[in-house]
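Here the structure is laid out as structure tokens; the discussion comes afterwards.
The values are calculated or read from the model by the stated rules, or taken from the named source; none is laboratory data. Keep in mind the model is a prediction, meaning the values are calculated, not measured. Every residue, glycine as well, gets a Cβ built from its backbone with ideal geometry; the counts of neighbours run over all protein chains shown.
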Ligand SMILES: Cc1ncc(C[n+]2csc(CCOP(=O)(O)OP(=O)(O)O)c2C)c(N)n1
Ligand SMILES: Cc1ncc(C[n+]2csc(CCOP(=O)(O)OP(=O)(O)O)c2C)c(N)n1
Ligand SMILES: [Mg+2]
Ligand SMILES: [Mg+2]
């Protein structure tokens, strides 16, 4: 094992799957850009050439549909959107086509498509360049949605997504690109439907995904100093969502807080709260709490931005109101 | 007062606002179609002509953006999508533009836009012609989402939406078009942010919106026969959502079931459950329940379709498990 | 009107003509049966009939191999049949039976027959076009010589994504043939009320894609034009575009003649019915020296029987059972838990 | 390269030339200051500089009334300034100050100045074009003679919605001028790698929209072409399209020359820097008989001062206070409750 950053883990997953499987190709606006997708696609073009690493016209809907069509005819496309904000243009192909193609035809045509949606926010980029849209896609049946929180999962889940026969929206977050951890060199896959307990604890359950897992872990460490033992659950997949792991944890803790990097209303945090309140109601000892973005677009101004994005301090603060 | 159908109530709201206010115009694919939008736009073209009732090319994104631009320059457009399924094409203009334009510019340009999204399902129309997408738009800050359940609200809320200075997604449901009730002849508006108790009861709260209000009311009547007194809340607006009315009701009943006409995961029902489990936890005596669509696209086949759409019987069945 | 033309009829083998005739008549007879059942309200799902446009599906698909890819729209019985999809599975699908080509989950607007390269119909205007780009891309990447076809209506040329696809197909020289069936209407709205310049040719040629407009009611013209294009496409010359001028005889949706609704004139419908594509190819076929017109009766009888059998098959089929509701949204079935 | 051309210089009043010169120099000096502050990392938000393209904003906007409508993109300082937006509010916006034109909520990619008809920048490629269609529609419906302008890059012509807008504008004869600033690149990707046929003219003309290509570094050519178009547009003749060939001198985003990155050649940048639009108009201006070149110094001094003042203004301004975070998503403020 060796340490690898999140972005290099993505890059390695792409290299290894492309090497192993000639059906895999990458397509998207900016995939060969020196800056758009960071290191995640570095050197792929040089190795696999223009037929398999395709930097396209600014035509998000067209190229996403190209990916869907390629998938149903036997390829394994990785359609890449350098920002989730731009995916709004491609909603028809994602939601009306990729997500429906298998069901609508009674299972006769699978869609082994991976869509990478990159969350790229902060840095005063403002409303149209900051969005994390997992909650929208979580709601669409027929498409899986995963959000790796660390380099190990970033690699393993991307490989699993590409090998999976269903459309998978794989959401990576630029705020995680420099995170490092041990990452096996070999090809491996991480499950697309299982959460993981990253820190064990008895007092309160903090459910998070992607970048917010880091914040939850920091919060847990800080809470430990006050003798509050928080359990941190990394959802990893938000569709399907691993209800069991949530329920098992609140059975122990009786308290639930959800830390999610999207808007509050109708977001991932609402779904997790709903799962607990429907299936785990009797386990709960206190009101559930949500730590999310407020229901407003992202502001540009630095000081407002600092208020906008919740962090571990906010989690700690909210946990303390529950103790 | 006189009885008016839901679709005629919409038609009357459009007539009256267009009469009163020359800034109002209607634009959309099929607005002059003899069948697409039912009676809702009947005779408007004959009265207000081609500059104010515009049946467009099949260019959903372009014409939605035209509506946004018209709104910020002083008009009051009613952009009409004959099916919500087609709105995926227009997501960029709705979510990146209409929803952000006011916030992103510090409140300097309001967007008095109304978007009508019509839910048109059943009749074996299948996955691409059946979708109710309120949950997606509920999640987007900067846009209000309302779903009238009866002719009175259909008229009053459409008038309010058109007069409102924010983008309002007004969702009407073809299954309601023939419903009738007393509708005042004069111009009036119904609030865009308030729910309503339609049946009072002490035993259980059923929260619903749009078509599901009818089903909830039928369920309440049937439950009454078994001496279960259900309170029915019509959300009317799902963004902003009237938390107060929900909390007040569960204070009385201690039991909550949400009946929603969309998919379960990450849907309106999840948000309502989350509100109750965060803000009303101590009021709850039993697990919350959701009655929603299963997380699958709509099937065509009649017998499957009959299983797919939940109705009052399903609500009754679930309530009985809670008693 | 035609830039593409019928060429000398004699140059076409009788076999090809007959095959196209059979395809077209099969579509027509099948849809006449469907129309009848629609009037009886036995078929519930929305049905967009192809009557009057049969030459296009037949003329294009006559040039295709079984493993070439086809995508179509809400109006796709014709393409499904012309590509070789089974009548039984089609009829059963319209009735929502488990034996339907989409297992009853799709209905008329969502047909599929991957076994013959028919990769699906999309009920979203223009939504199928990027998909055909995708199969074309896979044909190119895998170098398997397969051609992809996108059938779509004039309505699809209103949508922005159509223009994205023209450019992408041309830029990457993808093996795709765009077939626009210009029946002059998108539902009730004529193309003249939807496009400032209804002439498609420049819009296509501006993307460096060869464009030919043909009489869409003339199967031979469609066939000849498509043949030449497809030959070039298989040679790696990139996409081509054929616009087929035609007209639908019946309502946008449903079996009625649609004259009461007021958006089109009786005489226009009559003009186009005069120019019936089936009458036309039959007259070509029967003029062939080596063709015995007695065969025509046999063909018609055989096809009627086939249609009848599809109907019987459907009647004998079951509706999907309730377990099927939750299957197929994703492949790991256990993951859809309610 | 130009279809549109400079005409006789003498026919242009000196005043018009000078005004354009002032606009262009103001943009340049402002952005030079911004570049300096970017290097210092005082400005944080992503900034797309307009250096090298100033003639386009100046040449088009010179023809506009204050209440005509303009929309722009991620690269919009130039359009904002040319339409009359205040420098102070612009600089303050880049710093995220509450005195910014967007109250600090937008940053460089989201400018607004409704008081002078600048209706907003969208950072979504092509996203502003339908909006301009909308203001054009309101100009037409209200019959107020206002013209709308959509400024956008060549990248926007990759997006499907662009083609929808061409058609809609032409179909409804909307008073809109499409201004494509073709700087040959969309971020790092040249137009030749994005479009099968990079020649826009046919794509536009296919929608029955008059099209003229001009040298985008020649303010006079831009001005003259736009003037004639706008005259016709105000006469109700419907939309027009001007393609301005140009080049950006600096990085796609940020203040660097961007030569290390490898997607463009030093000699191409140098070629275009040779053809500096400001140098060009200055030489035209100073050739005017009635122009005293001493004025040039005064202008430069005045503009530098103005830029400096915007900087001072910004420094003296506050950041928005925290209550502002939750305001403005919707107008009924109490409705955003957290
Ligand atoms: C995106 C989208 N918008 C609108 C519709 C409604 N609609 C269904 S068919 C149709 C007309 C399409 O016309 P055309 O493409 O010419 O096909 P035709 O029906 O004439 O065969 C329309 C607008 C749709 N299905 N999809
Ligand atoms: C929908 C969308 N896709 C991708 C991007 C990323 N992006 C930002 S600017 C840009 C290039 C645009 O090029 P062009 O329109 O020519 O403008 P220029 O930067 O050359 O002025 C791209 C692709 C975006 N902002 N929006
Ligand atoms: Mg048509
Ligand atoms: Mg450019």
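Checked across segment A:214-226, the condition of being under 21 Å from residue B:270 (Cβ atoms) and either at pLDDT 95 or above or in contact with a helix residue (DSSP H, G or I) (Cβ under 8 Å, 6 or more places away or on another chain) (or both) holds for at least one residue. Does residue D:148 qualify as being farther than 18 Å from residue D:76 by Cβ and in contact with a helix residue (DSSP H, G or I) (Cβ under 9 Å, 6 or more places away or on another chain)? Considered against the rule, which asks whether it is farther than 18 Å from residue D:76 by Cβ and in contact with a helix residue (DSSP H, G or I) (Cβ under 9 Å, 6 or more places away or on another chain), residue D:148 comes out as no.
In segment D:190-210, the qualifying residues are those that are within 21 Å of the chain's Cα centre (by Cα) and within 11 Å of ligand 4 (Cβ to nearest atom), and the one that is nearest to residue D:156 (Cα to Cα) is D:191. Residue D:37 satisfies every condition listed in (1) in contact with a helix residue (DSSP H, G or I) (Cβ under 7 Å, 6 or more places away or on another chain); (2) on the phi < 0 side of the Ramachandran plot except (1).
Within segment D:168-185, the set of residues being within 14 Å of chain C (Cβ to nearest Cβ) and either within 16 Å of ligand 3 (Cβ to nearest atom) or under 16 Å from the mean Cα position of the chain (by Cα) (or both) comprises D:176, D:178.
Give segment C:307-328 a look and list any residue that's assigned to a helix (DSSP H, G or I) and crowded, with 16+ Cβ neighbours inside 10 Å, or say none.
So the first thing to find is which residues in segment C:307-328 are assigned to a helix (DSSP H, G or I), and the list is C:307-316, C:322-326.
Result: C:307, C:310, C:311, C:313, C:314, C:324, C:325, C:326.
In summary, strands (runs of 3 or more DSSP E) completely within segment A:18-84 and bearing 1 or more residues that are more than 28 Å from residue A:104 (Cα to Cα), more than 14 Å from ligand 2 (Cβ to nearest atom) and more than 7 Å from chain C (Cβ to nearest Cβ) occur at A:53-55.
Based on what the data block shows, is residue C:202 within 16 Å of ligand 3 (Cβ to nearest atom), within 14 Å of chain D (Cβ to nearest Cβ) and farther than 24 Å from residue C:76 by Cα?
Numbers: within 16 Å of ligand 3 (Cβ to nearest atom): no; within 14 Å of chain D (Cβ to nearest Cβ): yes; farther than 24 Å from residue C:76 by Cα: yes.
No; evaluated as a whole, the condition is false for this residue.
Restricting segment B:244-271 to residues that are within 17 Å of the chain's Cα centre (by Cα) and in a helix (DSSP H, G or I), the residue that is surrounded by the most Cβ atoms within 10 Å (Cβ to Cβ) is B:268. There is no residue in segment A:104-111 that is free of Cβ contacts under 8 Å to residues at least 12 places away in the same chain, under 14 Å from the mean Cα position of the chain (by Cα) and surrounded by 24 or more Cβ atoms within 10 Å (Cβ to Cβ). Within segment B:105-121, the only residue that satisfies the criterion of being facing chain D (nearest Cβ under 7 Å) and farther than 16 Å from residue B:71 by Cα is B:106. Within segment B:219-230, residues that are in contact (Cβ under 8 Å) with a residue 60 or more places away in the chain sit with their Cβ atoms under 7 Å from residues that are surrounded by fewer than 16 Cβ atoms within 10 Å (Cβ to Cβ), at 6+ positions apart or across chains, in these pairs: B:228/B:323. All of C:192, C:186, C:208 fail the test of being out of contact with any strand residue (DSSP E or B) (no Cβ under 9 Å at 6 or more places or on another chain) and within 15 Å of ligand 1 (Cβ to nearest atom), apart from C:192. Counting only strands (runs of 3 or more DSSP E) wholly contained in segment B:192-243, the ones carrying 2 or more residues that are over 17 Å from the mean Cα position of the chain (by Cα) occupy B:204-208, B:230-234. If you go through segment A:42-56 and keep only what is in contact with a helix residue (DSSP H, G or I) (Cβ under 6 Å, 6 or more places away or on another chain) and within 14 Å of residue A:67 (Cβ to Cβ), you end up with A:53, A:56. Filtering segment A:93-103 to residues that are out of contact with any strand residue (DSSP E or B) (no Cβ under 8 Å at 6 or more places or on another chain) and either facing chain C (nearest Cβ under 9 Å) or at pLDDT below 95 (or both) leaves A:93, A:96, A:97, A:99, A:100, A:102, A:103. Taken over segment B:179-191, residues that are touching a strand residue (DSSP E or B) at 6+ places or on another chain (Cβ under 8 Å) and in a loop (DSSP other than H, G, I, E, B) amount to 3.
With the structure loaded, tell me whether residue C:253 is away from chain B (no Cβ under 14 Å) and either within 16 Å of ligand 1 (Cβ to nearest atom) or within 16 Å of the chain's Cα centre (by Cα) (or both) or whether it fails that test. Taking the combined requirement at face value, the residue does not satisfy it. Of all residues in segment D:126-143, at least one satisfies being away from ligand 3 (no atom under 16 Å from the Cβ), outside any helix (DSSP H, G or I), modelled with pLDDT of 95 or more and crowded, with 24+ Cβ neighbours inside 10 Å. For residue C:100, the criteria (1) closer than 26 Å to residue C:280 by Cβ; (2) more than 16 Å from ligand 3 (Cβ to nearest atom); (3) part of a loop (DSSP other than H, G, I, E, B); (4) within 14 Å of chain A (Cβ to nearest Cβ) hold in every case but one, which is (1). Every condition in (1) free of Cβ contacts under 8 Å to residues at least 60 places away in the same chain; (2) within 13 Å of ligand 4 (Cβ to nearest atom) holds for residue D:267 except the one numbered (2). Taken as a whole, the structure leaves residue C:134 outside the set of residues that are more than 16 Å from ligand 2 (Cβ to nearest atom) and on the phi > 0 side of the Ramachandran plot. For segment C:155-164, filtered to residues that are more than 16 Å from ligand 2 (Cβ to nearest atom) and free of Cβ contacts under 8 Å to residues at least 40 places away in the same chain, the residue that is surrounded by the fewest Cβ atoms within 10 Å (Cβ to Cβ) is C:155. Among the residues of segment C:151-161, those identified as in contact with a helix residue (DSSP H, G or I) (Cβ under 6 Å, 6 or more places away or on another chain), more than 10 Å from ligand 3 (Cβ to nearest atom) and under 17 Å from residue C:121 (Cβ atoms) are C:151, C:161.
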